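Engineer: Below is one structure. I have some questions about it.
The values are calculated or read from the model by the stated rules, or taken from the named source; none is laboratory data. It should be emphasised that the depicted structure is a prediction, and the values quoted were computed from it without experimental measurement. Because the Cβ atoms are built from the backbone with ideal geometry, glycine has one as well, and the counts that use them run over all protein chains shown.
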Amino acid sequence: MSSPSILDGIIIGAAGGAIAGITVFLVQSVTKSISDSKDSKRIFLWLTQNTENSEGKKFRSTRAIASYNNLTEDRVRYLCSTHEKIFLSVGEKEDLWSVHTRENKYFPFAC
């Protein structure tokens with residue numbers, strides 16, 4: 001019987017460390033994804049209820065969204081910018097978000 005060598009211990013330690021690192025990364029990724037999804041849905045629902053499609057308030061500020069949803073302004077900016085149904089204002093005022101799209105008057109049939 002041969003005794004385990006130092007090299008065997010290094011290989012086993014490296015493999016265990018790699019598996020632990022990958023596990024931590026996957027758990028953090030899944031947790032972040034779930035948190036982002038939950039907060040995005042909450043913001044979308046709030047915007048749907050607090051913006052009007054007519055001449056009322058079509059857009060809401062990042063600060064208002066953050067305040068009502070108890071999130072930081074940076075997090076709201078990130079989540080709104082990555083959500084497929086939330087749109088940034090292209091007008092003169094910056095940092096406004098809406099769930100209502102504007103009609104493209106130059107290319108009304110564009111996809």
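Engineer: Give the residues of region 68-88 that are assigned to a helix (DSSP H, G or I) and either under 11 Å from I43 (Cα atoms) or among the basic types (K, R) (or both), sorted by residue number.
Structural biologist: Y68, N69, R75, V76, R77, L79, C80
Engineer: From the residues in region 55-84 that are at pLDDT 95 or above and acidic (D, E), which one is surrounded by the most Cβ atoms within 10 Å (Cβ to Cβ)?
Structural biologist: E73
Engineer: Find all pairs meeting these conditions: Cβ atoms under 7 angstrom apart; at least six residues apart or on different chains; first residue within region 27-50 and over 18 Å from E84 (Cβ atoms) and at pLDDT below 95; second residue of a type outside the set (V, I, T) and crowded, with 16+ Cβ neighbours inside 10 Å.
Structural biologist: Within 7 Å, the pairs are N50/R60.
Engineer: Those residues that are in a loop (DSSP other than H, G, I, E, B) and either at pLDDT 95 or above or hydrophobic (A, V, I, L, M, F, W, C) (or both), I need them from region 1-25; list them, please.
Structural biologist: M1 - this is the single residue of region 1-25 that is in a loop (DSSP other than H, G, I, E, B) and either at pLDDT 95 or above or hydrophobic (A, V, I, L, M, F, W, C) (or both).
Engineer: Within region 1-39, which residues are exposed (fewer than 10 other Cβ atoms within 10 Å of the Cβ) and aromatic (F, W, Y)?
Structural biologist: none
Engineer: A follow-up question, please. Go through region 64-105 residue by residue and tally those that are out of contact with any strand residue (DSSP E or B) (no Cβ under 8 Å at 6 or more places or on another chain), touching a residue at least 40 places away in the same chain (Cβ under 8 Å) and of a type in the set (S, T, N, Q).
Structural biologist: 1
Engineer: Moving to a separate point now. Mind counting the residues in region 31-65 that are within 14 Å of S98 (Cα to Cα) and outside any loop (DSSP other than H, G, I, E, B)?
Structural biologist: Summing the residues that are within 14 Å of S98 (Cα to Cα) and outside any loop (DSSP other than H, G, I, E, B) in region 31-65 gives 17.
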